[in-house]
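A short worksheet on the structure shown next.
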Amino acid sequence: MPSNKSVSDAPITQFVNCRILKNHRLQWEDLWVREGKILSPEKLFFDEEGFADHKVDCGNKIIAPGLIDVQINGGYGIDFSQASGDIRRGVAQVAKKILEHGVTSFCPTLVTSPPDIYHKVIPELRVQDGGPEGAGVLGIHLEGPFISEQKRGAHPPKFLRTFKAGGVADLMETYGHLDNVAMVTLAPELANSAAAIRELSGRGIAVSLGHSMADLSQAEEAVQNGAMFITHLFNAMLPFHHRDPGIVGLLTSDRIPPGRMVYYGMIADGIHTHPAALRIAHRAHPAGLVLVTDAVTAMGLPPGQHTLGQQQIDIQGLHAYVAGTTTLSGSIATMDMCVRHFREVSGCTVEAALEAASLHPAQLLDISHRKGTLEYGTDADFVVLDDTLTVRETYIAGQQVWRK
């Protein structure tokens with residue numbers, strides 16, 4: 001037990017023989033944990049005259065902040081957009097399984113659905129801390145139905161909606177309520193969207209631009225109204241053009257309000273985005289890149305037919321298609337796969353690859369004061385990896401929740 005000058009009788013764990021990701025670089029340093037938080041050793045030694053109760057030898061491995069997935073539609077046979085008999089059990093099943101991929105927090109994502117589905121599912125998907133039972137839920141990502149018909153991708157056209165008047169009335173009529181919602185993806189060129197963007201942003205909900213025909217000026221106006229994310233960059237939007245780069249142009253726009261950052265999601269599965277396009281985006285705006293899986297029901301399952309919301313999808317190898325088409329419908333990638341692929345094809349540093357799946361999504365959701373870093377006082381959610389970036393152990397609140 002720590003000395004009697006310690007502010008707490010709670011046990012202290014010291015992780016040794018490790019490289020920890022801190023201040024954007026890997027450094028040989030011990031990691032100290034108490035009561036689910038990262039502890040400052042200086043405070044412990046000099047203020048409390050305390051010491052470690054337990055030591056964990058990490059065998060020269062890397063310790064990085066727990067990975068965060070802000071766009072995941074389901075997995076392991078579970079579809080978050082289906083109003084099944086036990087919605088919470090389905091979310092819990094996915095939350096448990098993604099621990100093995102280093103994910104400690106996530107945003108269950110609902111694709112375009114009829115209002116009755118939203119009204120049933122949204123109240124069941126509650127924000128909750130992670131633990132041995134699974135990764136934590138940071139809030140819901142509502143992808144649609146306020147998106148472009150032309151760029152709907154795998155979203156069913158009959159359930160798409162427009163803003164009749166803008167603002168809260170359209171949102172409430174569709175979604176029922178916005179409790180536990182962390183993010184909404186919409187198309188900013190839709191009439192009356194500006195009021196909805198301002199309403200959502202004012203409630204602390206991240207607004208993402210996606211499934212959209214917007215030109216750059218429309219995208220910039222949306223950012224000025226509060227939008228701050230781009231859903232799966234390059235996919236389901238106008239292609240980059242030198243006279244009007246569209247939403248992609250936000251990466252280098254000079255009309256972003258001072259002090260604001262635009263983040264963008266990348267599905268680094270080797271299918272959704274060509275390596276050269278991924279490199280262009282990363283080199284243009286490295287600090288904004290957020291790795292997402294966009295994983296669907298079939299993640300972790302064999303090839304065959306599965307569902308995504310109200311659509312049937314076919315899994316062929318590593319590709320997920322809307323049944324009977326060549327339209328991509330999410331991915332079956334896991335977050336650790338995306339980190340490794342991004343590192344390999346972009347040529348970025350190990351630190352950059354890991355921060356794209358931890359620090360950047362935490363910054364996007366405005367939770368980097370407690371998640372996505374290993375700074376003192378933050379939640380002790382972290383992952384232990386070997387030099388190939390293969391996950392070996394996952395910890396939430398300082399407790400080991402998965403081990404290879």
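The values are calculated or read from the model by the stated rules, or taken from the named source; none is laboratory data. Since the model is a prediction, treat every value here as computed from it, not as a measurement. Please note: Cβ atoms are built from the backbone with ideal geometry, for glycine as well, and neighbour counts cover all protein chains shown. What goes into the accessible areas is simple: the full protein's heavy atoms, side chains included, and nothing from ligands, DNA or RNA. Shrake-Rupley method; radii C 1.70, N 1.55, O 1.52, S 1.80 Å.
Using just the helices of the chain, give the 222 nm mean residue ellipticity in deg cm²/dmol: DSSP H runs with n ≥ 4 each add -39,500 (n - 2.57), and the total is spread over all residues, rounded to 500.
On the way: 9 runs with 79 residues, N = 404.
The per-residue figure over the chain is -5500 deg cm²/dmol.
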* Structure fact -> Too long for a 27 Å Cα-Cα cut-off, among Lys22/Lys43; Lys37/Lys120; Lys55/Lys371; Lys120/Lys371; Lys37/Lys96, are Lys37/Lys120; Lys120/Lys371
* From the residues Ala187, Gln82, Gln93, which one has its Cα farthest along the dipole of region 66-365 in the positive direction, the dipole being from +1 and -1 charges on Cβ of Lys/Arg and Asp/Glu about the Cα centre? -> Ala187
* **Extension gain from Arg203 to Leu318, taking 0.36 nm per residue of separation minus the Cα-Cα distance** => 37.6 nm
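Could you report the chain's accessible area per residue, 1.4 Å probe, as an integer in Å²? Can you show the working numbers first?
On the way: 15960 Å² over 404 residues.
Counting only protein heavy atoms, the per-residue value for the chain is 40 Å².
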* What is the dipole size for region 303-383, taken about its Cα centre, with +1 at each Lys and Arg Cβ and -1 at each Asp and Glu Cβ, in debye to the nearest 20? -> 180 debye
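So how do 145-153, 356-364 stack up, highest first, on mean other-Cβ count within 10 Å? Walk me through the numbers on the way to the answer.
On the way: 145-153: 20.1, 356-364: 26.4.
With the highest mean Cβ count within 10 Å placed first, the list reads 356-364, 145-153.
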* Cysteines in the chain that, by Cβ-Cβ distance, have no pairing candidate under 4.7 Å -> Cys107, Cys338, Cys348
* Asked: Which of the aspartates and glutamates could be linked to Lys61 by a straight reach, that is with a Cα gap under 18 Å, when you skip same-chain ones fewer than 8 residues away?
  -> Glu29, Asp30, Glu100, Asp336, Glu351, Glu355, Asp381, Asp386, Asp387, Glu393
* Structure fact -> Residues whose modelled amide H sits under 5 Å from the amide H of Phe146, counting only those 5 or more places away in sequence or on another chain, are Arg161
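Would you mind calculating the gained length between Met261 and Gln400 on full extension (0.36 nm times residue separation, minus the Cα-Cα distance), in nm to one decimal?
Working: separation 139, 0.36 × 139 = 50.04 nm, distance 3.37 nm.
Taking 0.36 nm per residue and subtracting the Cα distance, the gain is 46.7 nm.
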* Structure fact -> Quick note, region 27-117: a/c under 1.5 would make it rounded; otherwise a/b > b/c is prolate and the rest oblate (a ≥ b ≥ c, C-alpha gyration tensor); here it is prolate
* Calculated FRET efficiency for the pair Asp387/Ala165, C-beta based, R₀ 56 Å, to 0.05 -> 0.50
* Structure fact -> With +1 on the Cβ of every Lys and Arg and -1 on the Cβ of every Asp and Glu, the dipole magnitude of region 203-331 about its Cα centre, in debye rounded to the nearest 20, is 240 debye
* Asked: Taking amide hydrogens as modeled 1.01 Å from N in the peptide plane, which residues meet the under 5 Å criterion relative to Gln312, leaving out close sequence neighbours?
  -> Ala323
* **Entry for semi-axes √(5λ) of the Cα gyration tensor in Å (calculated from the structure that is shown) out of [x] 36, 29, 20; [y] 32, 26, 20; [z] 36, 22, 21** => [z]
* Asked: If you roll a 1.4 Å probe over region 66-365 with all protein chains in place, what percent of the accessible area is carbon or sulfur?
  -> 51 percent
* To do: Would you list, by chain and number, the lysines whose Cα falls below 22 Å from the Cα of Lys164, excluding same-chain residues fewer than 8 positions away?
  => Lys151
* To do: Quote to one decimal, in nm, the extra length available between Glu42 and Gln305 on full extension: 0.36 nm per residue of separation minus the C-alpha distance between them.
  => 89.1 nm
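Within the chain, what percent of beta bridges assigned by DSSP are antiparallel, to the nearest 5?
If I count the DSSP bridges inside the chain, around 55 percent turn out antiparallel.
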* Any chance you could give the angle, 0 to 90 degrees and rounded to 10, that helix 87-97 forms with the longest Cα principal axis of the chain? => 50 degrees
* To do: Give the distance, in whole Å, between the Cα centre of region 113-136 and the Cα centre of region 330-404.
  => 22 Å
* Structure fact -> With +1 on the Cβ of every Lys and Arg and -1 on the Cβ of every Asp and Glu, the dipole magnitude of region 66-365 about its Cα centre, in debye rounded to the nearest 20, is 100 debye
* Structure fact -> Ranked by GNM mean-square fluctuation in the chain (Cα springs under 10 Å), the top entry among Ile271, Ile197, Ile38 is Ile271
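Could you please report the charge total around His319, scoring K, R as +1 and D, E as -1 over all other residues with beta-carbon less than 14 angstrom from its beta-carbon? Kindly include the intermediate steps, with their values, before the conclusion.
Details: positive: none; negative: Asp269, Asp294, Asp314.
Taking every other residue near His319 into account, the sum is -3.
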* Between Gln150 and Arg88, what is the FRET efficiency for a Förster distance of 25 Å, r being their Cβ-Cβ separation, to the nearest 0.05? -> 0.10
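Tell me the net charge near Ser113. Cut-off is 12 Å between Cβ atoms, Ser113 excluded, with +1 for each Lys or Arg and -1 for each Asp or Glu.
Details: positive: Lys120, Lys158, Arg161; negative: Asp79, Asp116, Glu143.
That works out to 0.
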